[in-house]
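One structure is given below, encoded as structure tokens.
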Amino acid sequence: MNKAYQNMRAFWLNATNMQSRKGLIEIGPEKIVSAAVEMAFMDGAQLKHLLIATNSLGDSSLYFENNSKSGLGGMIGGHGNEKLQETAARMLAHAAKLAPQMTQLPAGADVPTPSQAGQVVLLAVSQTAVFYKELPEADLRQPDNPFYPLFAYSQQVVGLFKQQPQTPPANA
């Protein structure tokens, strides 16, 4: 995993990054403030990662490892996109609901990444803990899986990011 991706992942998995911002809402008994879904895929012979994340402030991001100079690609969004905000909020709500069924780690602990291509790590973040669950993507695509809603909303978030108007970089 490259450093740029690791830094963005660490940002989203550390709730203290949001403490000073007004409007932070803690959801459910575990007081979840952020949710993420991380997937692994093969790029030739190299394992790469993709992270879909949202928080209770209404921010959402999509980051992925790529072959660019920085090694990181992604999108941020949510503000001004009602459909994206609504879908991301549903993703967050399901993460809060499912957190008790996940493995709990103390805040700041190393959070596992997907162990191989085709695996997915579901994440729910509070001020004091990170909850995670790793499952095969094929299992998460089954509607009878209790974690299906969290995964399905994350995939809808990806689709909504793709529909956002693209702004070219300032130096383009």
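About the centre of its Cα atoms, the chain shows a dipole size close to 360 debye [charges on the beta carbon of Lys, Arg (+1) and Asp, Glu (-1) only; nearest 20 debye]. Across all Cα pairs in the range 52-140, the calculated P(r) in 10 Å bins from zero up to the longest distance comes to 15, 40, 39, 6 percent per bin.
Ignoring ligands, DNA and RNA, what accessible area per residue does the range 1-148 give at 1.4 Å, in Å²? Intermediate results must be reported in sequence, preceding the final value.
Details: 7290 Å² over 148 residues.
Heavy-atom accessible area per residue stands at 49 Å².
According to the Kirkwood relation over distinct C-alpha pairs, the hydrodynamic radius of the chain is 16.2 Å.
Filter the cross-link list K83/K133; K22/K133; K22/K97; K3/K31 down to pairs whose alpha-carbon distance in this structure exceeds 25 Å. Write down the numbers at each step before the final one.
On the way: K83/K133 27 Å; K22/K133 29 Å; K22/K97 23 Å; K3/K31 29 Å.
Beyond 25 Å between Cα atoms: K83/K133; K22/K133; K3/K31.
Could you check how much of the accessible area of the chain is carbon and sulfur, as a whole percent, using a 1.4 Å probe? Don't skip to the end; give the middle numbers.
Working: 4570 of 8850 Å².
Carbon-and-sulfur percentage of accessible area, whole number: 52.
Report ³J(HN,Hα) in whole Hz for each residue of the range 116-126, in order, from the Karplus equation J = 6.51 cos²θ - 1.76 cosθ + 1.60 where θ = phi - 60°; Gly and Pro get x. Ordered by residue, 3J(HN,Hα) equals 6, 4, x, 9, 10, 10, 9, 9, 9, 10, 10 Hz.
If the only charges are +1 at each Lys and Arg Cβ and -1 at each Asp and Glu Cβ, what is the size of the charge dipole of the range 65-115 around the Cα centre, to the nearest 20 debye? Don't jump to the answer; show the numbers that get you there.
Values: 4 positive and 4 negative charges, 17 e Å.
Dipole of the range 65-115, to the nearest 20 debye: 80 debye.
Counting only complete DSSP H runs, which helices of the chain cover 18 Å or more along their long axis at the Cα atoms and score a mean Kyte-Doolittle of -1.0 or above? Span-like helices, by this rule, are 82-98, 148-163.
The values are calculated or read from the model by the stated rules, or taken from the named source; none is laboratory data. In this text the structure is predicted, and so the values were computed from the model without any measurement. Cβ sites come from the backbone with ideal geometry, for glycine too, and all protein chains shown count toward neighbours. For accessibility, only protein heavy atoms count, side chains too; no ligands or nucleic acids. Shrake-Rupley method; radii C 1.70, N 1.55, O 1.52, S 1.80 Å.
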